[in-house]
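The values are calculated or read from the model by the stated rules, or taken from the named source; none is laboratory data. None of the values given here were measured: they were computed from a predicted structure. Here the Cβ is made from the backbone with ideal geometry for all residues, glycine too, and neighbour counts use every protein chain on show. In case anyone asks, the SASA skips ligands and DNA or RNA and just uses the protein heavy atoms, side chains included. Shrake-Rupley method; radii C 1.70, N 1.55, O 1.52, S 1.80 Å.
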Amino acid sequence: MPTKLLPPTEAGVAEAADILRAGGLVAFPTETVYGLGADARSEAAVARIFEAKGRPRFNPLIAHIPDLATAEAISRFSASALSLAKRFWPGPLTLVADRRDDIPAPVALLATAGLDTVGVRVPAHAIASALLRAFGGPVAAPSANLSGAVSPTTAAHVLDGLEGKIDAVIDGGPCAVGVESTILRIADSGEAHLLRPGGVPAEDIETELGRALLELSAGFTPSSPGQLESHYAPKAKLRLNAIEPHKHEAYISFGPHASGEWPCPTRTLSPTGDLSEAAVRLFSVLRELDALTPEDASIAVAPIPEIALGVAINDRLRRAAAPRPTCTEK
Ligand code: TXA
Ligand code: MG
């Protein structure tokens, strides 16, 4: 199918909402990365997301909704979850809550991989918000890339992987945050597990909750793609924490000291060492260097401080550097 490029206008959003209503797939900008949206209540529409992405079916999707009231219509929030939603929504935070069982199928079984929980998020991007309101229901949306590949932060990135496989993409320009949402599971007791570091720094969440976040405990299910070893992977190999590149390596630098003359292509995540800027640039820089380097080449990456958004950046880099699986996950 030809993929339509829609403008970030009222008409573009209205057309996108019509496509969603007809069971189609629309990629749309959020403040984190572009999402690949489908009607979260329709098993058939959600199935098309997995098909287009080549995504393993057992990975649940986030339901994107316009406001807290809609979140409460499909899931049950504990008091702590509620306080976080009030503090950080709209924004890059996904809360995994118990799905409501007193109403029939608030979201398709396929969207939550048959789990009793559902991940919900109210995005801050004006176009995402307009689309959710125009559509009037929850929109299931993973990042709009082929499964396992680098997440898209522009409409062009989306088309790189999904052109011809989805109905449309709304071009809303580059994403302002650049890494995906932080995902939390909060128990009724208030105990909070960090399932994926992301756009809201863990430190800010701990301040709001007044308690430390727990790392994912062994035995916690389900596994998220964010927990798959290899994810966000460019074709080239990555070598992390590299003070400088080896002779034949491309280089991703961070901070003011990195201005050497190296023979291979180099890019900086942030010349001033700003972690927010680095998060915004991370996925486009990975894509750019991946396109410039031969298949068996390697890309060295400077050390990134493990604080604030650096935690999410290092998480994505570690997964991008992990050995590739050979069968079920791509
Ligand atoms: O910023 C984001 O979160 C982007 C934009 C488009 O909103 N979306 C995104 O979706 O990153 P995706 O599918 O690439 O990653 C969603 C993560 C997965 O690791 C998935 O397993 C986890 O959320 N997840 C979703 N529902 C869950 C649930 N009920 N329990 C545990 N993990 C869940
Ligand atoms: Mg993803």
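Quick look at the numbers
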| read-out | value |
| --- | --- |
| Total residues in segment 273-284, condition under 10 Å from residue 178 (Cβ atoms) and either touching a Leu at 6+ places or on another chain (Cβ under 8 Å) or aromatic (Phe, Trp, Tyr) (or both) | 7 |
| Single condition residue 147 does not satisfy, out of (1) buried (at least 21 other Cβ atoms within 10 Å of the Cβ); (2) within 11 Å of ligand 1 (Cβ to nearest atom) | (1) |
| Residue that is surrounded by 19 or more Cβ atoms within 10 Å (Cβ to Cβ), within 10 Å of ligand 1 (Cβ to nearest atom) and of a type in the set (A, V, I, L, M), where the choices are 177, 158, 200 | 177 |
| Residue match in segment 136-159 (condition: away from ligand 2 (no atom under 16 Å from the Cβ), out of contact with any Pro (no Cβ under 9 Å at 6 or more places or on another chain) and over 21 Å from residue 281 (Cα atoms)) | yes |
| Residues that are open to solvent by 50 Å² or more (accessible area, probe 1.4 Å), in contact (Cβ under 8 Å) with a residue 40 or more places away in the chain, more than 18 Å from residue 305 (Cα to Cα) and assigned to a loop (DSSP other than H, G, I, E, B), drawn from segment 236-288 | 246, 248 |
| Residue within segment 189-203 that is within 24 Å of residue 3 (Cβ to Cβ), in a loop (DSSP other than H, G, I, E, B) and within 16 Å of ligand 2 (Cβ to nearest atom) present | no |
| Residue within segment 56-66 that is assigned to a helix (DSSP H, G or I) and either in the same structural domain as residue 154 (by TED's automatic domain parsing) or more than 13 Å from ligand 1 (Cβ to nearest atom) (or both) present | no |
| Tally, over segment 77-94, of residues that are of a type in the set (A, V, I, L, M, F, W, C) and closer than 13 Å to residue 188 by Cα | 4 |
| Residue, modelled with the highest pLDDT, within segment 87-141, restricted to residues that are within 13 Å of ligand 1 (Cβ to nearest atom) and acidic (Asp, Glu) | 98 |
